[in-house]
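Presented below is the structure to which this report refers.
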Amino acid sequence: MTERDLLRVRDLSTRFFTENGQVNAVESVDFDVRDGEVFGIVGESGSGKSVTALSVIDLVDSPGRITSGEIWYRNPDLAEEIRADSPEAVDGDFVDVRRVPENIRRMLRGPSFSTIFQDPMSSLNPSLTVGEQIAEAVEVQRRARSNPRSTRSRTQGFGLADLLTSTVLPSRNYVSEESRAEAIDLLEQVGIPDPADRADEYPHEFSGGMLQRAMIAQALAGEPDLLIADEPTTALDVTIQAQILDLLRDLQEDTGMSIVMITHNLGVIARMCDRVGVMYAGEIVERGTLEDVFDDPVHPYTQGLLGSIPDLDDPAPRLQPIEGNVPDLYDDEMEDRCYFADRCPYAMEECLNHPPEFDVETGEPRNGKTEPGEHGARCVLADHEYDPSRALPDDYFESETRSASAPASGEDEEVSADD
Ligand code: SF4
């Protein structure tokens with residue numbers, strides 16, 4: 001942790017309570033996001049990336065629920081405002097957004113945390129013009145700024161009363177002309193040509209890249225401290241992807257906001273991020289600067305992800321896919337061991353004892369950037385070298401599947417396929 005932290009997420013766990021059982025979607029996740037940086041979260045589908053983001057902005061829907069953890073957000077004004085009534089939610093300039101009242105949590109969406117969702121076509125309302133939707137977001141934030149101490153004005157969206165008013169008295173529309181003008185400015189800021197005309201068009205009249213730009217404009221309406229971009233380029237072709245990433249980088253540099261970039265694409269991480277967390281089975285299994293994680297990965301899963309990227313300078317070797325699949329994350333099916341063990345080429349006896357703790361390297365700063373203790377992994381190899389003499393037999397997990405009663409090994413026990 002440093003004084004430059006904007007967000008400190010500690011021991012965050014989110015579970016889904018389904019008819020088929022409890023799903024541990026996010027498990028004891030820790031990470032920090034600093035002022036003006038891009039922090040990347042990368043992993044396969046089903047690794048818990050998006051649920052982590054939804055948890056931070058308090059948008060996890062039933063049957064999901066955050067079950068533990070703290071989300072500390074640096075906001076000196078808010079800390080001062082609630083210190084007397086909610087001392088347990090304040091630590092210096094930081095506020096634990098999980099412990100502030102619900103109305104204040106909602107208030108933080110927009111001016112504090114904003115998000116760009118994966119699919120702009122399904123995120124925008126097809127029956128409203130693009131300009132109207134952005135203007136409404138601007139209007140909500142404008143009202144909040146005009147009366148910052150009013151909780152109602154901070155949290156109010158377009159409600160039933162506004163609908164009735166705008167139907168009976170169209171001249172008293174919820175959205176002001178100032179907000180409409182600001183929406184057009186935002187569209188121009190994100191590179192939409194002829195923004196005044198395009199503001200009057202509906203989402204189906206926009207291309208995929210323009211829709212994504214419109215989503216970014218809407219997310220910027222509250223001038224957020226932190227923008228969470230959840231797979232913002234997944235549905236776009238490669239050239240448009242590059243344009244959107246450049247736009248996000250430019251906006252981040254212009255505004256100084258921080259970005260959490262969620263993606264399964266290591267190329268996006270390499271292009272955008274300052275630091276990165278690698279997620280697997282609901283956990284962050286490796287974390288560090290981009291240079292540390294890409295140049296000197298510790299966790300075999302990170303090594304596997306990087307090994308599956310083609311090397312343009314040396315195209316001869318075959319790519320090395322990671323065999324197997326991400327586990328289902330049902331609580332009663334999770335083994336009390338490293339969750340990557342059945343896919344790991346370095347699995348050893350000790351990996352079967354319990355899920356490894358996150359272990360940070362405390363050596364000298366490397367690459368001129370690493371702060372001591374910053375780069376680490378949830379793997380026994382973060383602590384000591386691979387010992388081939390303690391490796392599991394090649395068919396250990398196949399045998400384990402066949403033998404439903406196979407117990408986990410103790411540290412000093414000999415492990416075999418028959419155990
Ligand atoms: S703890 Fe063991 S099984 Fe898990 S990733 Fe590390 S070496 Fe592989």
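Yes/no matrix, rows are residues, columns are (1) in the same structural domain as E139 (by TED's automatic domain parsing); (2) in a helix (DSSP H, G or I):
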{"residue": "S179", "(1), (2)": "yes, yes"}
{"residue": "G191", "(1), (2)": "yes, no"}
{"residue": "A235", "(1), (2)": "no, no"}
{"residue": "Q243", "(1), (2)": "no, yes"}
{"residue": "D250", "(1), (2)": "no, yes"}
Report summary line: Within segment 280-298, residues surrounded by 24 or more Cβ atoms within 10 Å (Cβ to Cβ) and either among the acidic types (D, E) or part of a helix (DSSP H, G or I) (or both) come out as E283, E286, V293
Query raised in the report: Would you say S405 is within 16 Å of the ligand (Cβ to nearest atom), part of a loop (DSSP other than H, G, I, E, B), at pLDDT below 65 and not aliphatic (A, V, I, L, M)?
Result: no
Query raised in the report: Restricted to segment 238-254, and to residues that are surrounded by 14 or more Cβ atoms within 10 Å (Cβ to Cβ) and not hydrophobic (A, V, I, L, M, F, W, C), which residue is nearest to S114 (Cα to Cα)?
Result: Q252
Query raised in the report: Looking at (1) part of a loop (DSSP other than H, G, I, E, B); (2) in contact with a strand residue (DSSP E or B) (Cβ under 9 Å, 6 or more places away or on another chain); (3) at negative phi, which is the one condition that is false for P111?
Result: (2)
Query raised in the report: If the Cβ limit is 6 Å and pairs must be 6+ apart or interchain, which residue in segment 297-313 that is outside the structural domain of A347 (by TED's automatic domain parsing) pairs with which residue that is in a loop (DSSP other than H, G, I, E, B) and within 14 Å of the ligand (Cβ to nearest atom)?
Result: none
Query raised in the report: Does I71 satisfy the condition of being β-branched (V, I, T) and surrounded by fewer than 21 Cβ atoms within 10 Å (Cβ to Cβ)?
Result: no
Query - Matching option when the condition is at pLDDT 90 or above, on the phi < 0 side of the Ramachandran plot and away from the ligand (no atom under 16 Å from the Cβ), among D296, D274 - result: D274
Query - All positions within segment 223-266 that are more than 27 Å from V140 (Cα to Cα), of a type in the set (G, A, S) and in contact (Cβ under 8 Å) with a residue 40 or more places away in the chain - result: A235
**Report entry** Residue count for segment 299-341, restricted to those that are part of a loop (DSSP other than H, G, I, E, B), more than 14 Å from the ligand (Cβ to nearest atom) and either exposed (fewer than 12 other Cβ atoms within 10 Å of the Cβ) or β-branched (V, I, T) (or both)
**Finding:** 13
Requested in this report: From E102, E81, E19, E44, grab the single residue that is in contact (Cβ under 8 Å) with a residue 40 or more places away in the chain and acidic (D, E).
Outcome: E44
Requested in this report: State yes or no: is G36 buried (at least 22 other Cβ atoms within 10 Å of the Cβ), farther than 22 Å from P355 by Cα and touching a Gly at 6+ places or on another chain (Cβ under 9 Å)?
Outcome: no
Requested in this report: Would you be able to say whether some residue in segment 57-73 is on the phi > 0 side of the Ramachandran plot and under 13 Å from the mean Cα position of the chain (by Cα)?
Outcome: yes
Query raised in the report: Does G277 count as among the small types (G, A, S), touching a residue at least 12 places away in the same chain (Cβ under 8 Å) and in a strand (DSSP E or B)?
Result: yes
Query - Which numbered condition V260 fails, given (1) over 17 Å from the mean Cα position of the chain (by Cα); (2) more than 16 Å from the ligand (Cβ to nearest atom); (3) within 23 Å of A53 (Cα to Cα) - result: (1)
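The values are calculated or read from the model by the stated rules, or taken from the named source; none is laboratory data. Every value quoted in this text rests on a predicted model; they were computed, and no experiment measured them. Please note: Cβ atoms are built from the backbone with ideal geometry, for glycine as well, and neighbour counts cover all protein chains shown.
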